[in-house]
1. Does the stretch 232-247 contain any residue that is within 30 Å of Q18 (Cβ to Cβ) and open to solvent by 30 Å² or more (accessible area, probe 1.4 Å)?
2. Could you list, in sequence order, the residues of the stretch 298-313 that are β-branched (V, I, T) and open to solvent by less than 50 Å² (accessible area, probe 1.4 Å)?
3. If you take the residues in the stretch 171-213 that are part of a loop (DSSP other than H, G, I, E, B), over 23 Å from V268 (Cβ atoms) and in contact with a helix residue (DSSP H, G or I) (Cβ under 7 Å, 6 or more places away or on another chain), which one is most open to solvent (accessible area, probe 1.4 Å)?
Amino acid sequence: MNLFETAARLYERSCAGQIDSGDLDTIIAWPNDDLPVLFGATDMVRRKFHGNRVDPCSLMNVKSGACSEDCAFCAQSSHSDTGVDVTKLADAAAIREKLAYAKSRNLPFCVVSSGRRLTPTQITSICDALNGEDGEKHASLGILDDDAFAQLRDAGVVCYNHNLEASRNFFPTIVSTHRREDRVATVKRAKAAGLKVCCGGIFGIGESWKDRKDFALELRALDVDTVPINFFNPVPGTRIAPPKETPLDFLKIVALFRLALPTKPVKVCGGRELHLGGLQALMFHAGANGYVSGGYLTTQGAGIDADDGMIASMGLVKKDLSHFE
Ligand code: SF4
């Protein structure tokens, strides 16, 4: 079978939800020079299930730094000497202002905090700030319990981000202060509370292609709703060597997740500009249909105007958020 026939077969199997471990091995072995052929399949799968709509989101770091956890890739970990800003919880006015701005740019808004989890008092503050405000509201506030998820849901939060970060096998090599099972349980609690879950990870942190394959299959089994893909940004002071992956390697990771999870939004988040540079728009051909716009938790991005220009040049449009009024 030649590459075109193989790409067509992967397209068919992906659309039918039949991509298996062997298919993922085929993608992993795909020569980077021939990726445009594979992108024919991933782009068509994206368009079949997501049309020309893209699903970006915007973040607000509502409490930065000084995290007790030791995630080796994270600039906000107190175990890393990164000099990141340490801030207390943002006040309601600041959160509402950012939410209103995100809505004005037709972007969902996600409140994100460092830390293993926010306290019940802090959760109440966040919910009071969001409650009754227009806009699509998401949250990423750590390992929360059922009461906290019910509060967030009742405050109008519709999606909870909680990344598993890496495969079951690789996770213990990057985090030791909490278990991956704690994160899986958190994802299940958020789903049980009726929230959608945004759950993915970070790449270029020393994981193998087998780890990436296992991770894609684990996320599919968990039936997450959205898959964010971060490329490691080696902020000085973090405790992992800079990625050795090329932009094409990172794009192949996107293709792997797109074909394994054809119906799910796949979003390219942190490290997009740094690692894809002039090849950013290729992420859509690789199968991505989302991204973080407007900057990250501790680093800048290209900006909403630049992102809007990029998708316009690709003939893509942001999903309509008018129903969140
Ligand atoms: S990823 Fe989250 S839990 Fe881990 S160190 Fe960073 S802020 Fe803390």
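1. Initial filter on the stretch 232-247 (within 30 Å of Q18 (Cβ to Cβ)): 245-247.
Filter once more, so that each one left must be open to solvent by 30 Å² or more (accessible area, probe 1.4 Å): 246-247.
The answer is yes, given that some residue of the stretch 232-247 is within 30 Å of Q18 (Cβ to Cβ) and open to solvent by 30 Å² or more (accessible area, probe 1.4 Å).
2. Pass one, the stretch 298-313, residues β-branched (V, I, T): 298-299, 304, 311.
Result: T299, I304, I311.
3. G194
The values are calculated or read from the model by the stated rules, or taken from the named source; none is laboratory data. Bear in mind that the values here come from a model prediction, so they are computed numbers and not experimental data. Note: ideal-geometry Cβ built from the backbone for every residue, glycine included; neighbour counts use all protein chains shown. To get the accessible areas, we keep the full protein, side chains included, count just its heavy atoms, and leave off ligands, DNA and RNA. Shrake-Rupley method; radii C 1.70, N 1.55, O 1.52, S 1.80 Å.
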